[in-house]
Each structure stands twice: as C-alpha cells, then as structure tokens.
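> Have a look at this one.
The values are calculated or read from the model by the stated rules, or taken from the named source; none is laboratory data. Quick caveat: nothing in here was measured; it's all calculated off a predicted structure. Glycine gets a Cβ as well: all are built from the backbone with ideal geometry, and neighbour counts include every protein chain shown. Protein only, heavy atoms only, side chains kept; ligands, DNA and RNA dropped before computing areas. Shrake-Rupley method; radii C 1.70, N 1.55, O 1.52, S 1.80 Å.
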Amino acid sequence: MRYDPPAKTPAPPSPPADGEKSGAKNRRKIVWRILVPTAVILLGALAGVGFAGMIRMPRVDSLADFTPALITELFDRDGRVFATYAREKRVMLDEGEVPELLQQAILAAEDANFFQHGGVDAQGVARAALKNLGAGRKAMGGSTITMQLARQLYLNPKKTWRRKIEEALLAVELEKTYAKQQILTLYANLIFFGHGNYGFEAAARSFFDKSVDELTLPEAAMLAGIPQRPSTYSPYRRPDLVLARRDYVLRRMWEEGFVGEEEYRAATAQPLQVVPRRPQDLLAPYFSEEVRRYLEAQYGAEGLLQRGLQVATTLDPQIQRAAEEALRTGLLRLDHRKGWRGPLYRVEDVDLETHQLASWGQHEVIPGEWLEGLVISSNRRTTQVRIANSTFELTAKGIEWTRRERASELLKAGDVAWFRIELPEEGEGEPVLFLEQEPELEGAAIVLESSSGAVRAMVGGWDFERSSFNRATQAKRQVGSAFKAFVYGAALENGFTAADTIFDSPVIFEGANNVPNYSPRNFYRQYNGITTVRRALEKSMNVSSVKLMDMVGAERVIDLSRRFGVTTDLQPYPSLALGAAELIPLELTAAYAAIANLGIYVEPYLIESITTPDGHTLEQHRMRAHKAMEADVAYVLTHMLAGVVDRGTAVSIAALDLDLAGKTGTTDIYTDAWFVGFTPRYTLLSWVGYDVPRSLGRNMTGAEAALPIWRMMVESGLEDGWLSPGDQFAPPPGVAVQRIEYLTGLLPGPGAGQVIDEAFIQGTQPARQYEPEWARIMRMPWYQQRPYYIPKAGERMPEDVEDWTLIREVWAEKDKKEKERRQ
C-alpha cells in the first residue's frame, strides 16, 4: 500500500491580535500547572528514596522475572509459522538485536539523551514545559524511554501528576538496576503499535512484512513515530498523519547527527510503503483449530495466549494447498451442476455508481480471489459490475456454468454476488469477470503419511469462516461401501483367498429384529451369479459383501475394525457390511493407512513437539502403533483394493503413474460420497455431503462426487513432487503372485479369458485349471449358473427362501421412499 504526500501548503497565518490577551492569561495558568509540578518531579527524582517510602513503589528487581505475553506459534514441517495465537501480537528481540538504525530512530523520536540521563531527563522536562507554555497546551511530553517503560510495566495509563512522580521514581530505580541496552530492548519489545501489534519486531512484520534488521531509514522512522499515539498514527486509517510524524522523526535524526542532510532529504521524499491489508488467507485453518483446541485443553487459555508456545506440527504446506484446492474445485464443480441459485442480497435506494460495500474496505482487488461485486446496470446488451473502484463487464464466458445466454437473466441492477477476476493467460487483453456462488455442499479431505501417522493435510469444509465445524475430525457419517475393506480383510484372515468364488444372487438375512426380512440388492439391481471374492470387491457387490460377512461372522469384522483403530460403535447387523455404521473421516483414513502399512496401525497425530520460548521441551511426539493384521494378509488386501482402481468402481484414476489402491463409498439415496485410498507412501480421503444429510442428487456416487477430488490431490502430488511417479507396492515375505483367469479365479487354461496377476498367501494358490466350458457358464444369467456352483459352508442361497412375498413388499416400499426423497 503506497501513500504519497500531498503538495506542500503554506503555513497558517498567525492568530489575530485580539486573542493575545486571553493567550497571556492562559500562559499564566500554564506556569502554575506545568512549571511547578515539573519542579516537583525534578526534586522527586533527586529524593527518590524518601518519596518511594511515602508512595509504596513496586520493587524493580522483580523485572528479572517479568515475562510479557508472547505469541504461540504453529510451525509447519518446513519450520515456517502458519498460525499464531495471542492476546498481544508480540515477537521478542533479545538484547543486542535492536539494530543501530532503529535505535537511532527511537532515540530521535522519544529520548535523544537516553544514554546520558539517569532515568529522568531534566533538560527534556524543562524543554517540554517551555514548549507547552508557549503553545498554551500540553504539546510535548517529558517522559524518557525509561519512564515510559516504568509506566508500561507498573502503572496505569491515567494521566495524573502522582503517576508522573511515580514514573520518575521508578525510572531512577530501573536505571540503577539495569543496563541501558536492557532497558532499550525491553521498551522495544513492550511498546504498543496498534492493530494488535506489540513491540517493534511484530510491527515490522505487520506493516512491512520484514524483520527489524531489514528496515530502511524511512521505515525505521515510521515505526519509531507511531508509539506516541498508536490509535491516531495508523498507516491504514490516517496515512497523512503517519507521513508527517515519520518526517518529524527523520528531521530529529538529522538534527541529532544520526543521518546526513542528503539521507534525510532522500528519506522524506519516499512515500509510505506499508504492505496492503488484505483479507486473511489462512493456510490450514481447520488443522490449526484442531491444534488450538488441544493446546487450550492441555495448557488453558492463558497458556495458549500468553506463554509463547512453539508448536512444531506435521503440516506439509504444499500438500495442504493441494488438498484445499482439490476440495474447493470439486465442491464448485458439483455445485455448478445444480445451477444458479440467485444473488447474495440486494441494495436499494443508493447511488450504485458511488455506493461502497462494507466488504471492500482497504483490500486490494487480487486476481483469482473471490470478491463481492455490485451490479450497477444489467440489460440484454451488457451487465456492468463494480468491485471497489473498478468496473467490469460480465460476459457470456463468465456465466458459462449457469447454462444461461445472458447475464441479465441472472442479475439485476442492485444485486450483490460473488465474482472472481482472472487475467488473460498471455498477459494481453482485458481481465475476465466470472460469476461465482458458494456451494451448499460440504466436504473433507485428508492426507496421512501411512508409515508415521503424521497428518500432512486436513481440510474440514468449504470455508472455515462459514463454519468452523471440522468434518474431518468431528463429523460422523455413514461410510457406505468404503467399509467393505474390513469385511474382505476379515474374510482373508479366516481362510478366503481373492480367487475363491461366492454366489451373487438374491438372498435373505435376519435383520436387526432377528426376523428374516433383510435382503440387500446390488447397486444397479443386477446379480452376477458365480463371482470371485476379488471381483465382488472391485465391483462393490452388495449381496456378496453381506454374504461374506455372514459366513465369516460379524464379530470378526468388528474385531478387525477395532484393530484398525475404529472406535465408533458398530452393531453386528447385516447392513454393517454395506457401511451403515457412522465413522469419523480421520478414523477411516487411519484404518486404511494400516492396510497400506502392511498391517501396522499407527495412531494419527498433528503435533511433533511443544516447547517454551527458551527451548524447554514440554511435549515430544512418540509413535503409538500396534500390529493390526499380518503383513502378508494386508498385502493381499492391498492387491485386491488396487483392483478397484484397475478394473472396478475407481477405474477413472487407473491411468495415474503410480500404484494406487482404495475403495469408493456411496450411501443410500446418495447422502454421502467417499473415496479413501493410498499410494505406497500416503493415505488420502475425500468426502462430500450436506451437513444435514440429504441426497446429493441422482447417481452422485463416490466415484462421481468424491473420487475427482481425490484424483486432483494425487495429480498435484505427482506434479509437485510429493508423490513419486512409478512408485509401487512392495510385497512382504510370504506372498506368492500367481496368474489366474479373472472371472473364475482358476489357473489359466485353454480358452481362458482375461488373465491377471493375483496375490496369495504362500500355499493358498488355486489348483484347478480353467476349462473352455466356463466361458459359456459365465455368460449365463445368475439363476442359470446355479447348478454349476457348489455353495461354501454356511453360505445362504436363493433356494433357501420359500416365500419371497415379504421381501418384494420391503423392496417396493424402499423404492417408493427413495423416489420420494430424491424429489
């Protein structure tokens, strides 16, 4: 933000002669009100011990134990601060870290005799008194830096002569106890600058985005001039006053011999160049809020806001930005499909050419950022939009997603809506204005380092300002088919292989009321007959998944889920296999990370260490891990989940250049959409849904709504380098890879169809070979395949049901309700 001074104006004329009489009378009053108390101050300074006994002064040696309120800082894994918490924004300088240029500016502005006096500057007090007498008012103060420090540390700000005497006495005691550099450094750390900043270092970072040792002459002078009246000298509210005050400090530096005339004149010719105030674009607000809540719970509000905790976190800023951008883009894509809902609000009875929206303030118009815009005219020919002091035309390109031809069909004069400005790619031509709207949808995205449990990225919703509710750690949502990984994992632990077959057909189970009235259906209401365990997972077959859990036992599935870190209540009903349970997204991510980590569950964490400002370690992360599954079983499950990407419901990401494994999740009537999966290094999750569950829309499956977000995160990882192209899952000892025929799970033989590599625990490979007759059998409808299938022990079959009347009624009623909820 640049502020250039106005043209110099002549000095105002002298006051008229008829005011001299009243001026003289005022000056006589000033003699008694200023000179007499000033004499008292000087005498008080010389007789400090006597006065101290009368006024009950605090002990200044307690300053050795004084610790000002400090900023708690959160650091990302690269050591950069990304969030702070404090009542007072303060960054401490150590003794000797106040640069000489800044020292000179401070002395020139506040106390030129600082290194000569003993706490009270008699010459300065007399000079101030004379100046005040001449002005007929209190135009100049006589407080030294040491007196100001005494006031800041021990006294209240109320202006009384008693406080002035106390200031002087305390200043003398401070000077007797502490060195000049100690006093100057403490002053530099404590003084208030407005806008929440305390101390020169915090002010330098806030106004100039640099440290004090990088300040130029005019910048140092500006900072030195602000503490006199920080509420007045704001470079954002009154840059004219700040400029005049800065130039006064520069003149004083010249008069004191700190700078030469040429430097002085060059510095005063410079405009104010503070960094512009713009809307806070916080990185990882949901992540930092999760850390903040922990710190407040452990150390209390005072500890969080005043102790200056140094918190090293697991956050990777590059991965976090990728997750934020992917979720934002994905939610906008889905919202745009639903069409334009209308403007934010309207303004009435104002001059649209001059009216200022409150959100514009002092903020810059930055390409790519969303800004409120005011429609000043809209007709069939053109629609004009004001944003701050600029006017743009909203063209057909800017409303393309609305599927309308003219902007006038969407907006009228006086409407206020969100807009985004983009510059031409080649840098030539006019900026393009795009109409935007906030999605009603919400979402979450997580990136977890599988081997360590470190949360590298966490996005808990569309916008933290709109809702601070962290859907990544606080929401409990039905996970749908994403739960099936635990069903198939339990099956592998209990003797099934990926090549074993089950019979996918209508069948009935006992429901929650122990009555045989639960009959799941596959997503597209189709059944596949003879199918392998692998194919049932890849195609997310509902009937086969429930049947598999029924054969293995729901308690074993629940036990495996517990070992994978799932703490949510799980009921042993058939619907559990289809993800009827509600899980927290981070909970689900960590469970899948245990699969990726060859069966070792590692508790996820966000904080590496917490230290005090002086380096004392309060907390240091220690990994919490346990074996949840044998490594060979975990690898076979990983291999099956990789098939979901290669041939199954997540085939749209199969072309990405590294090994991927995961599972889509879709709930009834499309209320929740999930994809959770992993690379050889990271486990990633994306979820989409409404806060109050309702349908996302017809066919809004995990593959359609959540998987594109997941894909964008992985593509960013490959492009930015935090994912390695060609990275592969490495099998552990005890795993054998065997070629099999895909549909039957048999060893390849004459006439075999698609052949794939299948992973087996050593010794469990199939022995039977594919025969040409299988091609004909696998083309039959499921009911014609039945004679060729031998049921497994305990496997429910369609012929077990004598009367399907009740089930047909249940299906009809369910179809009716789903249709009503979609309307």
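> Mind listing P(r) for the chain? All alpha-carbon pairs, 10 Å bins, whole percents.
The calculated distribution, bin by bin, is 2, 11, 16, 17, 15, 13, 10, 7, 5, 3, 1, 0, 0.
> At 222 nm, what value in deg cm²/dmol follows for the chain if DSSP H runs of at least 4 each add -39500 (n - 2.57) and the sum is divided by all its residues, to the nearest 500? Intermediate results must be reported in sequence, preceding the final value.
On the way: 24 runs with 286 residues, N = 823.
The helix-only estimate for the chain comes to -11000 deg cm²/dmol at 222 nm.
> Given 4 °C and 1.567 mPa s, compute D for region 379-501 with the Stokes-Einstein relation, Rh being the Kirkwood radius over Cα pairs; round to the nearest whole µm²/s.
Numbers: Rh = 19.6 Å.
Once the numbers are plugged in, D ends up at 66 µm²/s.
> Now for a different question. HIS195: accessible area at probe 1.4 Å, nearest 10 Å²?
That residue has around 60 Å² of solvent-accessible surface.
> Say R0 is 22 Å: what FRET efficiency, to the nearest 0.05, do THR568 and MET797 get from their beta-carbon distance?
Details: r = 33 Å, r/R0 = 1.48.
My answer for the efficiency is 0.10.
> Over region 559-622, what relative contact order in percent results from Cα pairs under 8 Å that are six or more residues apart? Before the final figure, lay out the partial values.
Working: 52 pairs, mean separation 15.8, N = 64.
Dividing the mean separation by the residue count of region 559-622 yields 25 percent.
> Express in Å², to the nearest 10, the accessible area of LYS817 obtained by rolling a 1.4 Å probe over the protein heavy atoms while all chains stay in place.
Solvent-accessible area, nearest 10 Å²: 100 Å².
> Continuing with the same structure: Project the alpha carbons of region 364-445 onto their principal axes and report the range along each, largest first, in whole Å.
42, 30, 23
> Go through LYS663/LYS817; LYS627/LYS792; LYS476/LYS663; LYS484/LYS663; LYS484/LYS547 and tell me which ones have a Cα-Cα distance over 20 Å in this structure. Walk me through the intermediate numbers first.
Values: LYS663/LYS817 27 Å; LYS627/LYS792 30 Å; LYS476/LYS663 18 Å; LYS484/LYS663 8 Å; LYS484/LYS547 12 Å.
LYS663/LYS817; LYS627/LYS792, as the Cα separations exceed 20 Å there.
> Still on this structure, please answer the following. How many percent of Cα pairs in region 601-730 exceed 21 Å? All intermediate terms of the calculation are to be shown ahead of the outcome.
Details: 4483 of 8385 pairs.
Counting pairs separated by more than 21 Å, the tail of P(r) holds 53 percent.
> Continuing with the same structure: From the C-alpha coordinates alone, can you work out the Kirkwood hydrodynamic radius of region 717-791, in Å?
Working: mean 1/r = 0.0661 Å⁻¹.
About 15.1 Å, per the Kirkwood formula over Cα pairs.
> How high is the relative contact order of the chain? Use alpha-carbon pairs under 8 Å, at least six apart in sequence, and give a whole percent. Each step should come with its number before you reach the end.
On the way: 1535 pairs, mean separation 86.6, N = 823.
Across the chain, relative contact order equals 11 percent.
> A follow-up question, please. How much space per residue, in cubic angstrom, does the convex hull of the C-alpha atoms of region 517-665 take up? Mind showing how you got there, number by number?
On the way: hull volume 23.0 nm³, N = 149.
Residue-normalised Cα hull volume stands at 154 Å³.
> At 37 °C and a viscosity of 0.692 mPa s, what translational diffusion coefficient does Stokes-Einstein give for region 380-427, taking Rh as the Kirkwood radius over Cα pairs? Give it in µm²/s as a whole number. Intermediate values should be presented prior to the final figure.
Working: Rh = 11.8 Å.
For these conditions, the coefficient is 277 µm²/s.
> Using a 1.4 Å probe on the protein chains only, how many percent of the accessible area of the chain belongs to carbon and sulfur?
On the way: 18860 of 38390 Å².
Using a 1.4 Å probe with all protein chains present, the chain comes out at 49 percent carbon and sulfur.
> Still on this model: Quick one: Debye curve from the alpha-carbon atoms of region 293-368 only, equal weights, vacuum; give me log10 I(q)/I(0) at q = 0.13, 0.23, 0.26, 0.27 Å⁻¹ to two decimals.
Log10 I(q)/I(0), no solvent term: -0.89, -1.08, -1.16, -1.19.
> For the residue pair ASP691 and TYR345, what label-to-label distance in nm results when each label sits 7 Å from Cα along the Cα-to-beta-carbon direction?
1.8
> Right, something else. May I ask you to order 552-558, 804-810 by the average number of other C-beta atoms within 10 Å around their residues, highest value first?
Details: 552-558: 18.7, 804-810: 12.7.
Packing order, densest peptide first, comes out as 552-558, 804-810.
> Once you compute Rg and the Kirkwood Rh from C-alpha atoms, what is the Rg to Rh ratio for region 336-396? Working shown, then result.
Values: Rg = 12.6 Å, Rh = 13.1 Å.
Looking at region 336-396, the ratio lands at 0.96.
> Rounded if a/c is under 1.5, else prolate if a/b beats b/c, else oblate: with a ≥ b ≥ c from the C-alpha gyration tensor eigenvalues square-rooted, which is region 690-823?
On the way: a/c = 2.41, a/b = 1.03, b/c = 2.35.
Oblate.
> With an 8 Å cut-off on Cα pairs and a minimum separation of 6 or more residues, tell me the relative contact order of region 361-474 in percent.
Numbers: 193 pairs, mean separation 22.5, N = 114.
Dividing the mean separation by the residue count of region 361-474 yields 20 percent.
> For region 773-821, what is the Kirkwood hydrodynamic radius in Å, using each pair of distinct C-alpha atoms? All intermediate terms of the calculation are to be shown ahead of the outcome.
On the way: mean 1/r = 0.0728 Å⁻¹.
By the Kirkwood definition, the hydrodynamic radius is 13.7 Å.
> Sticking with this one: Hey, could you grab the Kirkwood Rh for region 226-341? Inverse mean 1/r over distinct alpha carbon pairs, Å, one decimal. Display every interim value, and only then the final one.
Working: mean 1/r = 0.0508 Å⁻¹.
Result for region 226-341, one decimal place: 19.7 Å.
> Assuming R0 = 35 Å, can you tell me the calculated FRET efficiency for the pair HIS336 and LYS627, based on Cβ-Cβ distance, to the nearest 0.05? Let's see the in-between values first.
Working: r = 46 Å, r/R0 = 1.31.
The value I calculate is 0.15.
> Take the alpha-carbon positions of region 274-410, form their convex hull, and give its projected area averaged over all directions (one quarter of the hull surface) in nm².
Numbers: hull surface 50.4 nm².
For the Cα atoms of region 274-410, the hull's average projected area reads 12.6 nm².
> Let me ask something additional. At 1.4 Å probe size, put ARG328, ARG341 in order of accessible surface, largest to smallest.
Working: ARG328 80, ARG341 110 Å².
So the residues, ranked largest to smallest area, are ARG341, ARG328.
> Show ARG307, ARG647 ordered by accessible area, largest first, where the area counts protein heavy atoms only and the probe is 1.4 Å. Write out the running numbers ahead of the final one.
Numbers: ARG307 100, ARG647 55 Å².
Descending order: ARG307, ARG647.
> If you don't mind, there's one more thing I want to ask. Leaving out ligands and nucleic acids, note down the accessible area per residue over the chain with a 1.4 angstrom probe, in whole Å². Each step should come with its number before you reach the end.
Values: 38390 Å² over 823 residues.
Counting only protein heavy atoms, the per-residue value for the chain is 47 Å².
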